[in-house]
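The values are calculated or read from the model by the stated rules, or taken from the named source; none is laboratory data. Since the structure is predicted, the reported quantities are computational estimates derived from the model, not experimental observations. In this analysis, Cβ positions are derived from the backbone assuming ideal geometry, glycine residues included, and neighbour counts consider all displayed protein chains. Only protein heavy atoms, including side chains, enter the accessible area calculation; ligands, DNA and RNA are left aside. Shrake-Rupley method; radii C 1.70, N 1.55, O 1.52, S 1.80 Å.
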Amino acid sequence: MADKKSRVAQLREKFSQPYDGEYLLEVRHLKKYFRSGSRLFVNKKKDQYVRAVDDVSFTVKAGQTLGIVGESGCGKSTTGNTIIRLLEKTDGEVLFEGQEISSLSKEEMDVVRPNIQMIFQDPYSSLNPRMRVFDIIAEPLRTHKVCSSQSELQERVLSLMDVVGLQRDYAGRYPHEFSGGQRQRIGIARALALRPKLIICDEPVSALDVSIQAQVLNLLAKLQKEFNLSYIFIAHGLPTVKHVSDRIAVMYLGQLVELADTEELFDSPCHPYTEGLLAAVPIPDPALRKERRSVQLKGDLPSPANPPSGCRFHTRCAYCQEICAKEVPQWREIRPGHFVSCHFPLENGQGILE
Amino acid sequence: MEEKATLEVQNLNIYFKTVGGRLQAVRNLSFQVESGELLGIVGESGCGKSVSSLAIMGLLEFPGIAEADSIKLMGEEISHKSKEEMRKLRGSQMAMIFQEPMTSLNPLFTIGDQISDTIKLHQNCSKQEAKERAIAMLKKVGIPRAEAVYHDYPNALSGGMRQRVMIAIALANSPKLLIADEPTTALDVTIQAQILELMRDLIKDSNTSIMFITHDLGVVAEMADRVLVMYAGSLVEQADVMTLFHNCVHPYTQGLLNSTIKVHQTSGELNCIEGVVPSLKDMPSGCAFHPRCPYAQEDCKQIRPELREIGKGHYAACLHPLEGRNK
């Protein structure tokens with residue numbers, strides 16, 4: 001009992017100190033499998049597993065944004081949820097400020113949680129319809145007993161509303177009285193309440209209109225500068241991710257296929273999947289209509305319960321060779337800071353930037 | 001006599017009856033879809049683009065009320081037709097593809113049943129013929145193993161495949177008008193590219209006109225011949241696609257274009273339209289866009305701008321249209 005308490009105290013001590021290590025977050029060989037089928041009891045021999053996240057490693061530096069893109073079902077949201085421990089990992093390590101957090105106990109995790117927060121995709125279902133805006137934003141502060149008095153709590157919530165651009169008189173309203181963009185601002189205020197260091201944004205703008213998307217993205221960029229935040233920005237749209245990210249990781253069927261600096265990735269993608277994703281983005285200029293469409297991804301995403309052999313992308317790859325179906329490609333650094341897992345990485349991939 | 005437009009809508013008004021009174025969702029909407037044309041309709045959610053298409057199809061249900069001076073399909077007035085007559089038109093003369101491929105197919109019937117139903121209902125043919133045509137349609141929309149898929153239930157198919165099936169159903173009787181309501185919004189970008197290409201190919205060799213409703217300007221730029229931009233229930237700008245993207249004159253269109261993230265341009269602060277779309281309950285006076293418009297002047301608050309011709313085939317509803325101010 002005493003041991004447990006002292007461990008919690010140690011953690012509290014550690015996270016109250018400023019951290020000067022290289023990486024804020026380090027994910028090593030993270031795996032998350034889901035048991036599929038309808039069997040009630042676990043049977044190791046017969047059970048099938050969906051490998052939603054299969055051996056994913058990456059790092060995030062303080063004040064930086066890592067974008068994660070991929071088609072639906074590629075495991076990008078599961079990765080985010082597993083890092084913040086909304087889901088428990090199957091295997092691997094998650095280091096936050098050098099501290100392994102994926103196997104901490106619930107009490108220990110409570111100490112870590114204020115540092116990592118999350119913004120969800122759907123602003124319509126991620127806010128409790130029976131709570132007023134004030135209480136939604138105050139909830140994390142109350143849970144972690146941050147404020148000593150009611151007046152301090154009130155001041156803190158109202159200033160958070162200022163920060164995200166909500167009028168103070170809206171504090172007494174309920175979520176249904178707001179538009180999608182404003183609700184997302186409420187969600188952002190809630191995520192900011194505990195002054196986190198890392199925010200995991202799971203498709204924060206996909207459900208919003210174009211003009212509102214731009215508002216929310218600008219707000220996130222402003223907050224990042226103001227509070228020196230790090231983001232993990234999960235999205236299925238490359239344009240959004242490009243706009244906010246310093247580095248981008250491309251995921252396919254539970255694995256990373258490419259990781260590079262944003263400019264580098266758009267300039268010269270090395271993985272055929274990245275190239276295909278880039279080519280699929282519609283360009284908002286009718287004059288460029290005919291110049292593209294040379295690379296198109298055929299077919300659908302295969303089932304993650306039964307991924308293809310060898311390179312998982314080989315069934316849809318335009319450059320597929322014999323070896324691709326047999327051997328799993330190595331995750332390697334082909335240029336400084338540019339990682340790819342492909343037997344035949346593109347040398348002059350069709351980037352979209354000239 | 002010149003060729004008739006596929007669809008001609010004049011002064012369409014749509015109201016919703018609510019406890020708080022009658023709310024107007026669409027105001028004096030008039031437009032045409034020419035034969036073989038792909039007309040894009042763009043706007044944010046709540047601008048009235050979907051309810052307008054439902055009204056044209058005769059699918060708008062209570063509490064929605066549609067009133068129009070005239071809606072003509074191939075020159076024939078359809079706004080006063082009975083439910084029974086509209087049913088005959090839907091599926092044969094005009095068809096619709098919905099946004100959610102997951103919910104727009106009936107999970108209790110096989111893919112084949114659902115396609116051949118449409119064919120049997122509108123064409124005088126035997127079961128066997130309907131089946132053959134259905135399989136031919138499935139092949140045409142690029143579904144592999146069409147004969148096997150014919151007997152599958154919708155749950156066996158992915159989102160992209162279901163949307164292909166929806167397209168097959170919609171085009172089974174070669175309709176004159178196809179309304180596609182955000183057909184690719186729920187799909188991944190790679191699948192979206194496939195579906196858009198398919199739609200382009202399919203209309204190339206038929207004379208079907210398409211009304212393509214979307215909020216994605218990228219998709220419009222790739223697909224449309226002509227574009228309507230709607231805001232808060234009104235048409236604010238109408239032009240061919242080149243003019244709209246390079247020479248738009250309405251501040252709202254300009255704002256939309258600027259806030260679209262362009263993947264082939266270097267980033268910086270995104271331009272955005274401040275504020276939010278007004279609620280139907282309290283529409284601003286005068287021009288509905290004036291509270292968000294950076295160029296709004298005093299008269300914008302009082303006078304509701306009428307749609308007027310700016311250039312050839314280029315219309316805008318703005319008191320102070322931009323000239324060469326975009327870019």
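Looking across segment B:280-317, the residues that are part of a loop (DSSP other than H, G, I, E, B), under 23 Å from the mean Cα position of the chain (by Cα) and touching a residue at least 40 places away in the same chain (Cβ under 8 Å) come down to B:Ala288, B:Phe289, B:Leu307, B:Gly313, B:Ala317. Listed by first and then second residue, the pairs with beta-carbon distance under 6 Å, at least 6 apart or on different chains, first residue in segment A:153-175 and under 21 Å from A:Arg130 (Cβ atoms) and modelled with pLDDT under 90, second aliphatic (A, V, I, L, M) and surrounded by 15 or more Cβ atoms within 10 Å (Cβ to Cβ), form an empty list. Any residue at all in segment B:109-117 that's surrounded by 19 or more Cβ atoms within 10 Å (Cβ to Cβ) and within 30 Å of B:Tyr15 (Cα to Cα)? Checked against the condition, which is being surrounded by 19 or more Cβ atoms within 10 Å (Cβ to Cβ) and within 30 Å of B:Tyr15 (Cα to Cα), segment B:109-117 yields no hits at all. Under the condition of being within 15 Å of A:Gln99 (Cα to Cα), open to solvent by 40 Å² or more (accessible area, probe 1.4 Å) and among the small types (Gly, Ala, Ser), the residues counted in segment A:15-61 number 1. Of all residue pairs spaced 6 or more apart or on separate chains, those with beta-carbon atoms under 6 Å, a first member in segment A:84-109 that is closer than 14 Å to A:Arg12 by Cα and a second member that is at pLDDT below 90 and of a type in the set (A, V, I, L, M) are A:Glu107/A:Val8; A:Glu108/A:Val8; A:Glu108/A:Leu11. Among the residues making up segment B:75-97, a single one is touching a Lys or Arg at 6+ places or on another chain (Cβ under 8 Å) and β-branched (Val, Ile, Thr): B:Ile78.
Being touching a helix residue (DSSP H, G or I) at 6+ places or on another chain (Cβ under 9 Å) and assigned to a strand (DSSP E or B) is the filter here; which residues of segment B:32-60 pass it? Can you show your working first?
The first filter runs over segment B:32-60 and keeps only residues touching a helix residue (DSSP H, G or I) at 6+ places or on another chain (Cβ under 9 Å), leaving B:36, B:38, B:40-46, B:57-60.
Once the filter is applied, which keeps residues that are touching a helix residue (DSSP H, G or I) at 6+ places or on another chain (Cβ under 9 Å) and assigned to a strand (DSSP E or B), segment B:32-60 yields B:Leu38, B:Gly40, B:Ile41, B:Val42.
Consider B:Glu222 carefully, then state whether it is part of a helix (DSSP H, G or I), within 14 Å of chain A (Cβ to nearest Cβ) and closer than 30 Å to B:Ala288 by Cα. Answer is yes for this residue.
Condition check ((1) facing another protein chain (nearest Cβ under 7 Å); (2) open to solvent by less than 20 Å² (accessible area, probe 1.4 Å); (3) of a type in the set (D, E, K, R)) across all residues:
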| residue | (1), (2), (3) |
| --- | --- |
| A:Ala249 | no, yes, no |
| A:Asp267 | no, no, yes |
| A:His271 | no, yes, no |
| A:Leu288 | no, no, no |
| A:Lys298 | no, no, yes |
| A:Ala305 | no, no, no |
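This table checks each residue for (1) within 14 Å of chain B (Cβ to nearest Cβ); (2) β-branched (Val, Ile, Thr); (3) within 12 Å of A:Ile119 (Cβ to Cβ).
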{"residue": "A:Cys201", "(1), (2), (3)": "no, no, yes"}
{"residue": "A:Val205", "(1), (2), (3)": "yes, yes, yes"}
{"residue": "A:Asp209", "(1), (2), (3)": "yes, no, no"}
{"residue": "A:Gln213", "(1), (2), (3)": "yes, no, no"}
{"residue": "A:Ser230", "(1), (2), (3)": "no, no, no"}
{"residue": "A:Gly237", "(1), (2), (3)": "yes, no, no"}
{"residue": "A:His243", "(1), (2), (3)": "yes, no, no"}
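Of the residues contained in segment B:158-181, one or more are found to be open to solvent by 20 Å² or more (accessible area, probe 1.4 Å), charged (D, E, K, R), touching a residue at least 24 places away in the same chain (Cβ under 8 Å) and in a helix (DSSP H, G or I).
Of the residues examined, A:Pro196 is not one that is buried (at least 24 other Cβ atoms within 10 Å of the Cβ), in contact (Cβ under 8 Å) with a residue 24 or more places away in the chain and away from chain B (no Cβ under 13 Å).
Whenever a residue of segment A:315-336 is in contact (Cβ under 8 Å) with a residue 40 or more places away in the chain, its partners that are hydroxyl-bearing (Ser, Thr, Tyr), lying with C-beta atoms within less than 7 angstrom and at least six residues away or across chains, give the pairs A:Trp331/A:Ser341.
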